[in-house]
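Novice: Below is the structure I would like to discuss, written out as structure tokens.
The values are calculated or read from the model by the stated rules, or taken from the named source; none is laboratory data. Not measured: the values here are computed from a predicted model. Neighbour counts run over all protein chains shown; Cβ positions are idealised from the backbone, glycine included. Ligands, DNA and RNA are stripped out before the accessible areas are found, and what is left, the full protein with its side chains, is counted by its heavy atoms. Shrake-Rupley method; radii C 1.70, N 1.55, O 1.52, S 1.80 Å.
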Amino acid sequence: MLLRRIMFLFVTAVAGFFAAGSIAADRPVEAPTATERFVLAGTVVKVVDGDTLDVRLPGKRKLERVRLLGIDAPQLGPLECFGIEARAEAGKLAQGKRVRLIGDRTQAMRDRYQRLLAYVVLPNGTDLGQSLIRRGFGKVFLVGRPFSRVNPYREAQRRARGVPLGLWSGCGSGGGGGIATTTTALPPLPPPGTTSRPTTTAGTTPGPTTTAQTTLPAPATTSTTPATTTPSPTTTAMTTTTPTTTAVTTTPTTTSTTTTITTTTTTPLPPAAPPPIVVSGRGDTVETVTLAANRPVVVSGEHNGSSNFIVRLVGPSDTFGQLLFNEIGGYQGETAWPDAKAISYKLAVQADGAWSIRLTQPVPTPDAIPIPGTVQGQGDKVVAIRATSTMQATVTGSNTGSSNFIVRMYGYGSTAGYWQLVFNEIGPYQGQRLVSIPAGPYLLHVLSNGNWSIGFAR
């Protein structure tokens, strides 16, 4: 009897282990409530996208891939509208944090990809999924039965959609069948080193031509007139004078005249960059700024407060506008927006301290860093670079920071319309990408909270 009871307990324990997908082997941090399937503690090692995390659980060598319950965030592959921003926001809130993973008894423990389905609770008690939905970085997501937190999630979505925030403002309507995707076409480019300017070709140059001319002046001629004497009526004798002819011969002379014409080709100067716009203040403020051209804008921001520093550039027909900065506490860095227009915008600033914003619209210059080559820096930066020729570039990136490492390239001038996401990582990173880069000028936009290096090689 004792042996049968031991065997029964053993079989039950093994069955429970596999049914729980190996999660039951971890000691819960607290007892689950009536609606909770499990409660575990772990550390977020990587943010895969806006709704997926890799979490290290105590005593387990393999990372646990966690799919946030109740939220669907824009994807990165293929890239969907607001996918980069959603991942960046999730990384800002959760990367490296000690979190609680809470299962829901109304839902399965794992999805078809064997990802653990859980609510993720941050150290301050905030529900990560609900927070992302409230800020417009995701939508409520139902599979089968409603999950237990569906009502507060729906309320968060209603508020975000009503403002609207995030994907509800920048991705069409944001509702219905999905999230709009963005496709960027590369414009045709002139051959490397070609500049549009007047050219002079031997034998085909319009305008004055140089010719050796021979001028023959008209010959000088002397006419001979006979001299005649008429006798007076009273004279009986008549005298006759025989006419004489004098021939004068003039030899024509030939004069050769050569004229030299010097043609000067003037290279047109590039358009000058408009003067920078500098706005400063303290606390929450809305200012009007007018951009001068339809080309990228580079924005430098500085904040001396201890709370939110959120800056948006809102056009006349926008509701949410372009998010420039979304930081907490003291900050100093740069960002870029490639789609700025020559119109007036509202600069909406949320801050609890003194701040300063500087907006510039750069033009291509010979001083840009040439690539192939290496660009290095620290923190959020925008750097002007110039591809000396069209290339399939191997781009090597390294980052020592603990938060987002996002690298983009924006074309301007002769490469206007080019947009490329090169790296989108979180935390320390070392790796390579293959990127097609036409010849011409670019803005290299790097987001990092550490030291970074970007190398370009053929």
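Novice: I'd like the Karplus ³J(HN,Hα) series for region 290-303: coefficients 6.51, -1.76, 1.60, θ = phi - 60°, whole numbers in Hz, and an x wherever there's a Gly or Pro.
Specialist: Karplus-based 3J(HN,Hα) across region 290-303 equals 10, 8, 9, 8, 8, 7, x, 10, 9, 10, 9, x, 9, 9 Hz.
Novice: Another question, if that's okay. Roughly how many percent of the accessible protein surface of region 97-177 is carbon and sulfur, given a 1.4 Å probe and a whole-percent answer?
Specialist: On region 97-177, the fraction of accessible area on carbon and sulfur atoms equals 48 percent.
Novice: When Lys and Arg each count +1 and Asp and Glu each count -1, what net charge do the other residues less than 11 Å away from residue 294, Cβ to Cβ, add up to? Don't skip to the end; give the middle numbers.
Specialist: On the way: positive: 295, 341; negative: 339.
In short, +1.
Novice: Next question. Separation between the residue 435 and residue 317 pseudo-spin-labels, each 7 Å from Cα along Cα→Cβ, expressed in nm?
Specialist: 3.1 nm
Novice: How high is the relative contact order of region 297-363? Use alpha-carbon pairs under 8 Å, at least six apart in sequence, and give a whole percent. Kindly include the intermediate steps, with their values, before the conclusion.
Specialist: Numbers: 147 pairs, mean separation 33.6, N = 67.
Computed value for region 297-363: 50 percent relative contact order.
Novice: Sticking with this one: Quick one: if you stick a label point 7 Å off each Cα along the C-beta vector at residue 56 and residue 346, how many nm between them?
Specialist: Between residue 56 and residue 346, the simple spin-label model gives 4.6 nm.
Novice: Could you please state how large a percent of the accessible area of region 325-388 is carbon and sulfur, counting protein chains only and using a 1.4 Å probe?
Specialist: Here it works out to 48 percent.
Novice: I've got another one for you. Over 10 Å intervals from 0, what percent of Cα-Cα pairs in region 271-377 sits in each interval?
Specialist: 14, 44, 30, 12, 1
Novice: Something else about it: Ranked highest first by the average count of other Cβ atoms within 10 Å around their residues, in what order do 388-397, 81-90, 448-457, 428-437 fall?
Specialist: Descending packing order for the listed peptides: 81-90, 448-457, 388-397, 428-437.
Novice: Let me ask something additional. Quick one: net charge around residue 312, please, counting Lys, Arg +1 and Asp, Glu -1 for every other residue with C-beta under 11 Å from its C-beta.
Specialist: Result for the neighbourhood of residue 312: 0.
Novice: In square angstrom, what is the accessible area per residue of region 332-394 with a 1.4 angstrom probe?
Specialist: Working: 2820 Å² over 63 residues.
Ligands and nucleic acids excluded, the result is 45 Å² per residue.
Novice: What would the Debye equation give as log₁₀ I(q)/I(0) for region 355-458 at q = 0.15, 0.19 Å⁻¹, counting only Cα atoms as equal point scatterers?
Specialist: -0.58, -0.92
Novice: Right, here's the next one. Give me the 1.4 Å probe accessible area per residue for region 75-174, excluding ligands and nucleic acids, in Å².
Specialist: The answer is 46 Å² per residue.
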